[in-house]
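The values are calculated or read from the model by the stated rules, or taken from the named source; none is laboratory data. Just so it is clear, the structure is predicted and the values come from calculations on it, not from any experiment. Note that each Cβ is placed from the backbone with ideal geometry, even for glycine, and that neighbours are counted across all protein chains shown. The protein model used for the area step is the full one, side chains on, heavy atoms only, and it has no ligands, DNA or RNA in it. Shrake-Rupley method; radii C 1.70, N 1.55, O 1.52, S 1.80 Å.
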There are 2 protein chains.
Amino acid sequence: MPPKVKTSAEKQAVRTAIMDAARELFIHQGVEAVTMRAVAQRVGYSATSLYLYFGDKEQLLRAVVDADVIKLAQALKSTLNISDPLQRFLQFGQHYVQFALTNPNHYRMMFMTQHPPCDPALSSIEQNNPEQDAYSQLIGVVTSAWHAGVFKPTLTDPALIAQTIWAAIHGLCALQINLADDAWINWRPLEARVQAMVEMCMYGLMKETPHE
Amino acid sequence: MPPKVKTSAEKQAVRTAIMDAARELFIHQGVEAVTMRAVAQRVGYSATSLYLYFGDKEQLLRAVVDADVIKLAQALKSTLNISDPLQRFLQFGQHYVQFALTNPNHYRMMFMTQHPPCDPALSSIEQNNPEQDAYSQLIGVVTSAWHAGVFKPTLTDPALIAQTIWAAIHGLCALQINLADDAWINWRPLEARVQAMVEMCMYGLMKETPHE
DNA sequence: ATTTAAAAATAACAATGTTAAGTTAACGAC
DNA sequence: GTCGTTAACTTAACATTGTTATTTTTAAAT
């Protein structure tokens, strides 16, 4: 029963209702639980109606994840005004790991699964906007630490430093998310692995060990 | 037309034929291309016959990947008799990265996708057999380097060292495999990133920079 | 020759993403 | 006020998937 003529605000509301329903399934049961029919049922529509709001399932999922990518950027934002560049840097990493491990399904979706190549022009995320783009935040944090003379003098490319740190931290998070319960590996406690990784990065990249 | 009574060697041959067909699809078109029907067609059987040889699709895929996990272990084995512990260590890492990046689909399957928790008792891979178990190889390589006094004296747990290095290298491989074409990131050249990662690990973990 | 059971195929089911074809009802035009 | 028009939505339907149930074929065993 279509009460017809929806203002564009109402349409937007339906869109986000769909996204919320999808997110609910997504977070608690993983991406395989997100079927068009299940999402539709939760939102009180028929499955085919979702196609009035999203081109296909991939676009729906992308929209959900994009929205939460922005949440990541906002979670990290709180660390950006720590005045000491080194502390800012460390807190940034800390928050990143925490986001990854408390939102494993989102993290998986962002960085651990194949996607059609992402076209920044089509994304809902504004590239280089530090409010939304966590990668540009990382570049910023590393660059300012670099200007502060924190890194070894042989390291001359902040982007390369950033990509190396990101890879290392990502590896930690990714293995934890996917293989934490793997009986094959006799994992050391997570906290120990985090600390070991942080120390490795610091000793490996920085001029001298910081105050402690 | 079933010519009946297959010797167990013949049955094994069919099994590996199925696995080879699956691998072919898997390698060149990714895991989504591996449908039971497609595999069956390649091997000249009907789809349902595959269930005579594998319990379900997951088990088939697992068998394929397990076989190639053993190949990884054998590729790494060649580095195990390098006499200098440090060189052995470095070559081991080099070969690991090379395997990951030349077999991205296998690597994805091994370490980048969700699995039902792996029970070592049911695996075709023999845990702790250095011929088959790459993880135990890693532990061995790190432990011997540790005994050789290569690492900083504050590092007292070879398993923790190994897990940290693995995570770092894995992060490098995983990001390359999934996000290499992502226009969002202005990636530095792969070689530069590999070298930066290796250097970070070495300066971060080792007592002193090696001969050069 | 008849029976038996292994080896395979065909038919069929349920779930999924998606498209095509209706259905309902609010609005504008006369 | 009646009558299209069309937005908003639903129901049917299709193709593809993994998988099971049922049936067929055929080499061997008796």
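Here are the numbers for this structure:
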{"read-out": "Filter result (in a loop (DSSP other than H, G, I, E, B) and away from chain B (no Cβ under 11 Å)) within segment A:74-120", "value": "A:S78, A:T79, A:L80, A:N81, A:I82, A:S83, A:D84, A:N103"}
{"read-out": "Residues that are closer than 14 Å to B:M112 by Cβ and either open to solvent by 30 Å² or more (accessible area, probe 1.4 Å) or not small (G, A, S) (or both), drawn from segment B:173-190", "value": "B:C173, B:L175, B:Q176, B:I177, B:N178, B:L179, B:A180"}
{"read-out": "All positions within segment B:40-63 that are part of a helix (DSSP H, G or I) and more than 14 Å from DNA strand C (Cβ to nearest atom)", "value": "B:E58, B:Q59, B:L60, B:L61, B:R62, B:A63"}
{"read-out": "Residues satisfying the stated conditions in segment A:140-165, i.e. open to solvent by 20 Å² or more (accessible area, probe 1.4 Å) and either in a helix (DSSP H, G or I) or charged (D, E, K, R) (or both)", "value": "A:G140, A:T143, A:S144, A:W146, A:H147, A:K152, A:D157, A:P158, A:L160"}
{"read-out": "Per-region count, segment A:198-212, residues of a type in the set (A, V, I, L, M) and either surrounded by fewer than 18 Cβ atoms within 10 Å (Cβ to Cβ) or at the interface with another protein chain (Cβ under 8 Å from one of its Cβ atoms) (or both)", "value": "3"}
{"read-out": "Failed condition for B:R62, given (1) open to solvent by less than 70 Å² (accessible area, probe 1.4 Å); (2) under 17 Å from the mean Cα position of the chain (by Cα); (3) under 30 Å from B:M202 (Cβ atoms)", "value": "(3)"}
{"read-out": "Residue within segment B:33-45 that is among the charged types (D, E, K, R), surrounded by fewer than 17 Cβ atoms within 10 Å (Cβ to Cβ) and over 26 Å from B:F111 (Cβ atoms) present", "value": "yes"}
{"read-out": "Any chance A:V69 is within 14 Å of another protein chain (Cβ to nearest Cβ), assigned to a helix (DSSP H, G or I) and more than 13 Å from DNA strand C (Cβ to nearest atom)", "value": "yes"}
{"read-out": "Unmet requirement for A:S123, which otherwise passes all of (1) under 23 Å from A:A196 (Cα atoms); (2) within 14 Å of another protein chain (Cβ to nearest Cβ); (3) not in a helix (DSSP H, G or I)", "value": "(1)"}
{"read-out": "Given (1) modelled with pLDDT of 95 or more; (2) within 21 Å of A:A167 (Cβ to Cβ); (3) at the interface with chain A (Cβ under 9 Å from one of its Cβ atoms), index of the condition B:D181 fails", "value": "(1)"}
{"read-out": "Unmet requirement for A:A17, which otherwise passes all of (1) of a type in the set (A, V, I, L, M, F, W, C); (2) in a helix (DSSP H, G or I); (3) away from chain B (no Cβ under 14 Å); (4) more than 16 Å from DNA strand D (Cβ to nearest atom)", "value": "(4)"}
{"read-out": "Sole residue being surrounded by 18 or more Cβ atoms within 10 Å (Cβ to Cβ) and more than 8 Å from chain A (Cβ to nearest Cβ), chosen from B:Q132, B:Q195", "value": "B:Q132"}
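Table: residues versus (1) open to solvent by 70 Å² or more (accessible area, probe 1.4 Å); (2) more than 9 Å from DNA strand D (Cβ to nearest atom); (3) modelled with pLDDT under 95; (4) assigned by TED's automatic domain parsing to the domain that holds B:R108.
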| site | (1), (2), (3), (4) |
| --- | --- |
| B:P2 | yes, no, yes, no |
| B:Q12 | yes, yes, yes, no |
| B:R23 | no, yes, no, no |
| B:G30 | no, yes, yes, no |
| B:Y51 | yes, no, no, no |
